[in-house]
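Structure, as structure tokens:
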Amino acid sequence: MMGPAHSLSGAAAWLGVGAAAAAAGHAMPWPVLVVGALITAGAALAPDLDHKSATISRAFGPVSRGLCEIVDKLSHAVYKATKMRGDSHRNGGHRTLTHTWLWAVLIGGGASAAAITGGRWAVLAILFVHLVLAVEGLLWRAARMSSDVLVWLLGATSAWILAGVLDKPGNGSDWLFTAPGQEYLWLGLPIVLGALVHDIGDALTVSGCPILWPIPIGRKRWYPIGPPKAMRFRAGSWVELKVLMPVFMVLGGVGGAAALNFI
């Protein structure tokens, strides 16, 4: 999938989680619903850190471009070191290490650990990175016509405001994890969800996605999971633009309304 579809699917997924929580009698505070949806929208772009032409490679200028090159080489090295006889030869690391469930869990767990050990500045950094990515994905036309500095300022300002809202009693800094010192431990959850939604979206395309690595399937450790080939589509095709993106918008709207008990 392309960046905008990934971000829309990520936001819709978190709003769906919010709807499920409300139906179970444990409604999210509205700031958690909003911030979680934005984080998931941004996190749904992050697995493409292994792709030098992806949206995330442009999001933070030279820093993200350099990081993408490093992750691409690391992913390729891991692929070569762990592939089995049935796995194909590859020249790069795209859709390998960062497109697995293990990567999603490690990144989400790392974010949660950083949030509870690094204090407010760590929380602000996590919010800033994912809000910038959310702008790049959800508002991609405006982001491309604007300067990077304006997008970064929007991300930084939004991160500061939203962190202040969450810090107020009852607004969700301690949502789900209520023990002293566990504030913002939940921040890793939308990051894990965003990464997994990205992987599922890529699995629907013609190339599939090795979500289950390192679990071997047959003679392959990097088995490209996906539906039957007749049901797959090419990234950027009319199926993604004309069918899936409108569906994600509708599902997100319905999920958000249900999460806030509007329906």
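The values are calculated or read from the model by the stated rules, or taken from the named source; none is laboratory data. Only a predicted model underlies this, so the values are computations on that prediction, with no experimental measurement involved. Every residue, glycine among them, receives a Cβ derived from its backbone with ideal geometry; neighbour counts consider all protein chains shown. In case anyone asks, the SASA skips ligands and DNA or RNA and just uses the protein heavy atoms, side chains included. Shrake-Rupley method; radii C 1.70, N 1.55, O 1.52, S 1.80 Å.
State whether one or more residues within the range 84-94 are of a type outside the set (Ser, Thr, Tyr), under 24 Å from Gly188 (Cα atoms) and either out of contact with any Cys (no Cβ under 8 Å at 6 or more places or on another chain) or part of a helix (DSSP H, G or I) (or both).
Looking through the range 84-94, at least one residue is of a type outside the set (Ser, Thr, Tyr), under 24 Å from Gly188 (Cα atoms) and either out of contact with any Cys (no Cβ under 8 Å at 6 or more places or on another chain) or part of a helix (DSSP H, G or I) (or both).
Quick one: which residue in His6, His51 is modelled with pLDDT under 95 and open to solvent by 30 Å² or more (accessible area, probe 1.4 Å)?
Step by step, each of His6, His51 is checked, and only His51 is modelled with pLDDT under 95 and open to solvent by 30 Å² or more (accessible area, probe 1.4 Å).
Do any residues in the range 228-246 that are under 14 Å from Leu8 (Cβ atoms) have Cβ atoms under 8 Å from those of residues that are surrounded by fewer than 11 Cβ atoms within 10 Å (Cβ to Cβ) and modelled with pLDDT of 85 or more, where the two are at least six apart or on different chains, and which pairs are they?
Qualifying pairs under 8 Å: none.
Does any residue of the range 210-217 turn out to be assigned to a helix (DSSP H, G or I), within 18 Å of Val78 (Cβ to Cβ) and in contact with a helix residue (DSSP H, G or I) (Cβ under 7 Å, 6 or more places away or on another chain)?
no
Which of the residues that make up the range 60-78 are out of contact with any Leu (no Cβ under 6 Å at 6 or more places or on another chain), open to solvent by less than 10 Å² (accessible area, probe 1.4 Å) and either assigned to a helix (DSSP H, G or I) or under 22 Å from Pro190 (Cβ atoms) (or both)?
Ser64
Test Ala179 against the criterion of being assigned to a loop (DSSP other than H, G, I, E, B) and open to solvent by less than 60 Å² (accessible area, probe 1.4 Å), and give yes or no.
yes
Say whether the condition of being out of contact with any strand residue (DSSP E or B) (no Cβ under 9 Å at 6 or more places or on another chain) and farther than 30 Å from Ala114 by Cα is met by at least one residue in the range 205-216.
Within the range 205-216, one or more residues are out of contact with any strand residue (DSSP E or B) (no Cβ under 9 Å at 6 or more places or on another chain) and farther than 30 Å from Ala114 by Cα.
Which pairs turn up if I take residues in the range 133-152 that are over 12 Å from Arg58 (Cβ atoms) and look for partners that are in a helix (DSSP H, G or I) and polar (S, T, N, Q) with beta carbon separation below 7 Å, at least 6 apart in sequence or on another chain?
That search, which allows pairs on different chains as well, returns Ala134/Ser7; Leu138/Ser7.
What are the residues in the range 161-217 that are on the phi > 0 side of the Ramachandran plot and either free of Cβ contacts under 8 Å to residues at least 24 places away in the same chain or within 22 Å of the chain's Cα centre (by Cα) (or both), if any?
Gly172, Leu176, Tyr184, Gly208
Give all pairs with beta carbons closer than 8 Å in which a residue from the range 58-73 that is free of Cβ contacts under 8 Å to residues at least 40 places away in the same chain meets a residue that is part of a helix (DSSP H, G or I) and among the β-branched types (Val, Ile, Thr); count only pairs at least 6 apart in sequence or on separate chains.
Qualifying pairs under 8 Å: Ser64/Ile56; Cys68/Ile56; Val71/Thr98.
Table: residues versus (1) open to solvent by 10 Å² or more (accessible area, probe 1.4 Å); (2) closer than 30 Å to Pro180 by Cβ; (3) touching a residue at least 12 places away in the same chain (Cβ under 8 Å); (4) assigned to a helix (DSSP H, G or I).
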position: His26; (1), (2), (3), (4): yes, yes, no, no
position: Val34; (1), (2), (3), (4): yes, yes, yes, yes
position: Gly42; (1), (2), (3), (4): no, yes, yes, yes
position: Gly108; (1), (2), (3), (4): no, yes, yes, yes
position: Gly118; (1), (2), (3), (4): yes, yes, no, yes
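Any idea which of Ala195, Ala159 is closer than 20 Å to Gly118 by Cβ, part of a helix (DSSP H, G or I) and at pLDDT 95 or above?
From the options Ala195, Ala159, the qualifying one is Ala159.
Among the residues of the range 218-250, count how many are within 25 Å of Thr100 (Cβ to Cβ), open to solvent by 80 Å² or more (accessible area, probe 1.4 Å) and either part of a helix (DSSP H, G or I) or not charged (D, E, K, R) (or both).
Going through the range 218-250 one residue at a time, the tally reaches 4.
Right, His130: touching a residue at least 12 places away in the same chain (Cβ under 8 Å) and either within 13 Å of Gly188 (Cα to Cα) or touching a strand residue (DSSP E or B) at 6+ places or on another chain (Cβ under 9 Å) (or both) or not?
Yes.
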